[in-house]
Amino acid sequence: MTSQTSVRGPANRSAPPARSSWHRYSKNAASLFRDHGSGNLEIEQYNGLILKASYWRWPERGMAGNGIDFYVKVLGASFHDAMKQLMT
């Protein structure tokens, strides 16, 4: 009787596909965002809220953070709901 060994590890797993943080919004980007200069985007709906690649800031309100913070602080979502939205 021969034993079969299953080898598991990072080398045997395929990496998830790379994607941009804002890939879902690229079709409507012109209507949602305006260029704020220096690689910054401003969300039309939230006047003064500025986006960068991995964080946001809202100087007029003294707020800043990452994607989770945006859902919780700006949109009023729970942490759990923010994580569900960002993971889909």
Inset, instruction - Within region 74-88, count every residue that is part of a loop (DSSP other than H, G, I, E, B) and either in contact with an Asp or Glu (Cβ under 7 Å, 6 or more places away or on another chain) or crowded, with 16+ Cβ neighbours inside 10 Å (or both). - result: 1
Legend entry - Residue ID - surrounded by the most Cβ atoms within 10 Å (Cβ to Cβ), chosen from residues in region 42-73 that are part of a helix (DSSP H, G or I) and within 14 Å of the chain's Cα centre (by Cα): F70
Inset, instruction - Hey, can you tell me all the residues within region 34-53 that are of a type outside the set (A, V, I, L, M) and either touching a helix residue (DSSP H, G or I) at 6+ places or on another chain (Cβ under 8 Å) or modelled with pLDDT of 85 or more (or both)? - result: E42, E44, Q45, Y46, N47, G48, K52
Legend entry - Tally, over region 64-88, of residues that are without any contact (Cβ under 8 Å) to a residue 12 or more places away in the chain and among the hydrophobic types (A, V, I, L, M, F, W, C): 6
Inset, instruction - Show the residue pairs that are 6+ apart or on different chains and have beta-carbon atoms under 7 Å apart, the first residue being within region 33-57 and touching a residue at least 12 places away in the same chain (Cβ under 8 Å), the second being surrounded by 15 or more Cβ atoms within 10 Å (Cβ to Cβ) and in a loop (DSSP other than H, G, I, E, B). - result: W56/L49
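How many residues are among the basic types (K, R) and at positive phi when one looks only at region 46-88? Break it down into steps so the answer makes sense when it comes.
Step one: filter region 46-88 for residues among the basic types (K, R), giving 52, 57, 61, 73, 84.
If we keep only those that are at positive phi as well, we get none.
Adding up the residues that qualify gives 0.
The values are calculated or read from the model by the stated rules, or taken from the named source; none is laboratory data. Owing to the predicted nature of the structure, the values given are computational and were not obtained by experimental measurement. Note that we place each Cβ from the backbone using ideal geometry, even for glycine, and neighbour counts take in every protein chain shown.
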